[in-house]
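Below is one structure, written out as structure tokens; the observations come after it.
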Amino acid sequence: NNEKSVPQLLIRDLTFEKKPLAKLMFSPDQENHPSKAPVKYGELIVLGYNGSLPNGDRGRRKSRFALFKRPKANGVKPSTVHIACTPQAAKAISNKDQHSISYTLSRAQTVVVEYTHDSNTDMFQIGRSTESPIDFVVTDTVPGSQSNSDTQSVQSTISRFACRIICERNPPFTARIYAAGFDSSKNIFLGEKAAKWKTSDGQMDGLTTNGVLVMHPRNGFTEDSKPGVWREISVCGNVFSLRETRSAQQRGKMVENETNQLQDGSLIDLCGATLLWRTAEGLSRTPTLKHLEALRQEINAARPQCPVGFNTLAFPSMKRKDVVDEKQPWVYLNCGHVHGYHNWGNKEERDGKDRECPMCRSVGPYVPLWLGCEAGFYVDAGPPTHAFSPCGHVCSEKTTAYWSQIPLPHGTHTFHAACPFCAHQLAGEQGYIRLIFQGPLD
């Protein structure tokens, strides 16, 4: 077991064939019909899913949702304000063709703001309700959950009509986010308990029960990205510092110099699920599944070996991303030495979780490695040289470094870094490890 006598390689030592990325990096839309492709504003990708929901994507319930320019504009903008209880206010609320937001101040007083059609924008709504006004149905993410059976029993903290995104129909196709969505009667009701207030120009504004939080990364979504600051977005799209706890009655301070405009890499937290916003332009620079598949094949072509069994290791195909394969690479998370599955060093007294690495004798968790298949989470197109700890999801070094710095909201008042592919809280000093493969002995 003398480490020096064994040929080792880091994935970066492999000569990755320099394929022209342009060929690999076209999004599927551009490949199929370059001329008639509808305008894509961007995509929302739910953190914690490695390319699809555990039981498969179905209809409006899926792990990623593309926002395309609608055939006909459906955006709305505020118009008339009514102080209830006037007949006009009651009419605005009961009119099924009229969008309105009701702010209940007391039993005796409600302010109703009518919204009117806006031909320059498209509106998309997100929430856990399956009613027709919701374009993208989002349920609570359970970290590392392989099936939906154990996720449904949890009492959801995601609002039924959580938020809405309004996209400009003309370039540069700016997308803005607002808390709360309109229900089937085209109404948003902020009850007596919701935080609400009158703004300096006489308009009303408010926050939803558990709030909609947004974080814009600094330096965009690139290999130079750094985490930004989490903010709360109001029903009218204003930006506030966070409340003391998620549903506190007292709003945070208004942040005048920031906006609700989404940028590539913005994170949206709905208290139970976090979504990543990628612009169409950002996605065009992101590795595609074809590119990730090429990287997988190149690692496998280098025939990395298990230093104990000397059997050749191989990452399973992207489609088999939940079943442990017999050739699957495993890693010791404390040192990064990659092996095939074996029983060496499995000491009875160690409750089976920690194992001793045969290469360097360091003791720690021993887990299978899985490729990160959701390309939208990658900040660059680098080779898969690093793995998140403790889950073993593998991606590029810069991608692991970026996500390990992001504090993601957890519960109602804590934050922690998590693997974007499975939502497991990261462990260890860095939250990720560099992989050390052994090359073939011949």
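The values are calculated or read from the model by the stated rules, or taken from the named source; none is laboratory data. Bear in mind that the values here come from a model prediction, so they are computed numbers and not experimental data. A quick note on method: Cβ atoms are made from the backbone with ideal geometry, for glycine too, and the neighbour counts reach across all protein chains shown. Protein only, heavy atoms only, side chains kept; ligands, DNA and RNA dropped before computing areas. Shrake-Rupley method; radii C 1.70, N 1.55, O 1.52, S 1.80 Å.
Would you check which residues across the stretch 411-424 are part of a strand (DSSP E or B) and buried (at least 16 other Cβ atoms within 10 Å of the Cβ) and list them?
A418 - this is the single residue of the stretch 411-424 that is part of a strand (DSSP E or B) and buried (at least 16 other Cβ atoms within 10 Å of the Cβ).
A quick yes/no check of all residues on (1) polar (S, T, N, Q); (2) surrounded by fewer than 20 Cβ atoms within 10 Å (Cβ to Cβ); (3) within 23 Å of Y41 (Cα to Cα); (4) without any contact (Cβ under 8 Å) to a residue 60 or more places away in the chain:
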residue	(1), (2), (3), (4)
L67	no, no, yes, no
T80	yes, yes, no, yes
K91	no, yes, no, yes
S100	yes, no, no, no
V112	no, no, no, yes
D122	no, no, yes, no
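Any idea which of (1) under 25 Å from Q109 (Cα atoms); (2) open to solvent by 60 Å² or more (accessible area, probe 1.4 Å) is the one E168 doesn't satisfy?
(1)
Could we say that R296 is in contact (Cβ under 8 Å) with a residue 12 or more places away in the chain and over 30 Å from K196 (Cβ atoms) here?
When the stated conditions are applied, R296 passes them.
Of all residues in the stretch 368-380 being within 18 Å of the chain's Cα centre (by Cα) and in a loop (DSSP other than H, G, I, E, B), which is surrounded by the fewest Cβ atoms within 10 Å (Cβ to Cβ)?
The residue in question is D380.
Is there any pair with a first residue in the stretch 206-222 that is in contact (Cβ under 8 Å) with a residue 40 or more places away in the chain and a second that is open to solvent by 10 Å² or more (accessible area, probe 1.4 Å) and among the β-branched types (V, I, T) whose Cβ atoms are under 8 Å apart and which are 6 or more apart or on different chains, and what are they?
Correct list of pairs: N210/T157; N210/T412; M215/V229; F221/V379; T222/V379.
Okay, residues lined up against (1) in the same structural domain as M123 (by the TED database); (2) modelled with pLDDT under 95; (3) surrounded by 20 or more Cβ atoms within 10 Å (Cβ to Cβ):
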position: F173; (1), (2), (3): yes, no, no
position: A179; (1), (2), (3): yes, no, yes
position: D183; (1), (2), (3): yes, no, no
position: S200; (1), (2), (3): yes, yes, no
position: V214; (1), (2), (3): yes, no, yes
position: V235; (1), (2), (3): yes, no, yes
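Is at least one residue of the stretch 299-306 assigned by the TED database to the domain that holds P409, open to solvent by 40 Å² or more (accessible area, probe 1.4 Å) and more than 17 Å from the chain's Cα centre (by Cα)?
Checked the stretch 299-306: at least one residue is assigned by the TED database to the domain that holds P409, open to solvent by 40 Å² or more (accessible area, probe 1.4 Å) and more than 17 Å from the chain's Cα centre (by Cα).
Residue by residue, here is whether (1) on the phi < 0 side of the Ramachandran plot; (2) among the acidic types (D, E) holds:
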residue: E168; (1), (2): yes, yes
residue: F173; (1), (2): no, no
residue: F182; (1), (2): yes, no
residue: S185; (1), (2): yes, no
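Residues in the stretch 382-397: is at least one at positive phi and either open to solvent by 20 Å² or more (accessible area, probe 1.4 Å) or in a loop (DSSP other than H, G, I, E, B) (or both)?
yes
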